[in-house]
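For reference, the structure discussed in these notes is given below.
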Amino acid sequence: MTGPVDFLGPILEMMTWVGFVPGVPLLVWAWIIARRRCTWVTADGERFAAGGYLGLQWMDQDQEERKVLLDVAATEGGVDSGPVVVHYDACHPSRCSLEPPRFDHTVLILGWILTGIGIVNTLGGLVLVAL
């Protein structure tokens with residue numbers, strides 16, 4: 001007669017592979033994405049209206065003046081010139097925003113979950129062998 005130990009072994013082994021095989025490459029992929037990502041820098045800037053669109057100007061890290069037109073139409077009556085905080089990509093200064101960037105960590109989270117499943121099932125298999 002077979003007990004729970006006999007059928008849990010193959011299930012734990014299969015779940016170990018299901019966790020590790022996709023989980024570890026996803027963690028490597030997330031690490032590569034994080035290394036290739038440029039840093040975003042904050043600078044004091046000024047907004048202005050140009051041709052019916054909203055524009056931003058600021059001084060970057062190299063003390064070069066940057067001017068960018070956003071895809072946002074200026075409000076009726078013009079845009080008041082005023083100071084703003086500009087967030088821009090240090091590698092590509094034309095990528096800028098008035099909001100801080102939000103990075104997507106889906107690959108990292110999924111990689112940690114799957115790798116964690118693999119680790120838990122590996123430990124469960126080792127405990128099962130010890131019984």
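The values are calculated or read from the model by the stated rules, or taken from the named source; none is laboratory data. Quick caveat, the model's predicted, so the values are computed rather than measured. Note that each Cβ is placed from the backbone with ideal geometry, even for glycine, and that neighbours are counted across all protein chains shown.
Name the one entry in A34, A30 that is loosely packed, with under 15 Cβ neighbours inside 10 Å and of a type in the set (G, A, S).
A34
This table checks each residue for (1) of a type in the set (A, V, I, L, M); (2) modelled with pLDDT of 85 or more; (3) surrounded by 11 or more Cβ atoms within 10 Å (Cβ to Cβ).
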| position | (1), (2), (3) |
| --- | --- |
| E65 | no, yes, no |
| V79 | yes, no, yes |
| H92 | no, no, no |
| P100 | no, yes, no |
| L131 | yes, no, no |
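Just to be sure I understand the filter: pairs with C-beta atoms under 9 Å, separated by 6 or more residues or on different chains, first member in segment 1-16 and at pLDDT below 85, second member of a type in the set (D, E, K, R). Which pairs pass?
none
Picking from V107, V127, which residue would you name as being part of a helix (DSSP H, G or I), of a type in the set (V, I, T), in contact with a Leu (Cβ under 8 Å, 6 or more places away or on another chain) and at pLDDT 85 or above? So that I can check it myself, show each step before the final result.
Details: V127 fails: in contact with a Leu (Cβ under 8 Å, 6 or more places away or on another chain).
The match here is V107.
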